[in-house]
Structure formats: structure tokens, C-alpha cells
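The values are calculated or read from the model by the stated rules, or taken from the named source; none is laboratory data. Computed from a predicted model, the values in this text were never measured in an experiment. Cβ coordinates were reconstructed from backbone atoms using ideal geometry, including for glycine residues, and neighbour counts include every protein chain displayed.
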């Protein structure tokens, strides 16, 4: 993976610890491949998720809590890439993850185009597993 590469065009399952939180369609990684040495350490452990309109209240609550208390709200998050049949392909496990930023679109009546909500997660350690 390269910095800011889209991981896949498929679906992703988001789990907080071992509990399902929601499905999303877009995950962009700032992880890099670790070979060029130019990427700051923090950027190598960040993932940005574009959320679907049918987002989960459970995930929303954790995001809000994590923004208020990043140290006390850290948890393990697994982002599992699913193939076209809904079967797991690979998993990205964020260890001790917290919310770095949450961008919620404004609801102004004059704005055109689709509004996308994004959340950027940081973590202490990351593992990628082929399933």
C-alpha cells in the first residue's frame, strides 16, 4: 500500500473490539509501504473512513467519546475488506485507536453535490492480515 492509496473499491466492515459497528464503502490509508522513509511516523498509522448515510449510532458514540477523551477511549478497531460476495479478504487491525478528526458536512440548503462524512483514526500499532 502507498500513502493515501484507496485500499479497495469494495465494502468494509468496521468492528469496535469484537463487536460490529457499521459497513462503509471507502477507506483510505496513510500507512505507506514503510520503504521510502519520508513519511512521518504519525501518518503511517492513520486511516480515513468515508461513512455511508446509514451510519451506526454505536460508532458515532465512540467517535464523540474518543474526541473528548482520546486516552481513555482507545480501543482496538478492525477494518475488514469484503469481496463482492461479502467474504473477508483482509483485515487491518488498529491497536489502541482513537479519533483524530471527524468531518461532518454542513446542512446548508444552498450547497450542491453529495455530502460525505469522514472520520480519521490514529492508532498506536497496526497489523494487516490476509484472510
| request: Just give me the residues in segment 70-121 being modelled with pLDDT under 95, part of a loop (DSSP other than H, G, I, E, B) and surrounded by 11 or more Cβ atoms within 10 Å (Cβ to Cβ), in sequence order. | output: 70, 73, 83, 104, 105, 115, 116
| said: Looking at residue 22 and the list (1) out of contact with any helix residue (DSSP H, G or I) (no Cβ under 6 Å at 6 or more places or on another chain); (2) crowded, with 17+ Cβ neighbours inside 10 Å; (3) modelled with pLDDT of 90 or more; (4) farther than 18 Å from residue 125 by Cβ, which single condition is not satisfied? | reply: (1)
| request: Could you check, for segment 29-44, whether at least one of its residues is at pLDDT below 90, assigned to a strand (DSSP E or B), touching a strand residue (DSSP E or B) at 6+ places or on another chain (Cβ under 7 Å) and surrounded by 18 or more Cβ atoms within 10 Å (Cβ to Cβ)? | output: yes
| Residue, modelled with the highest pLDDT, within segment 1-12, restricted to residues that are crowded, with 16+ Cβ neighbours inside 10 Å, more than 10 Å from the chain's Cα centre (by Cα) and more than 18 Å from residue 124 (Cα to Cα) | 11
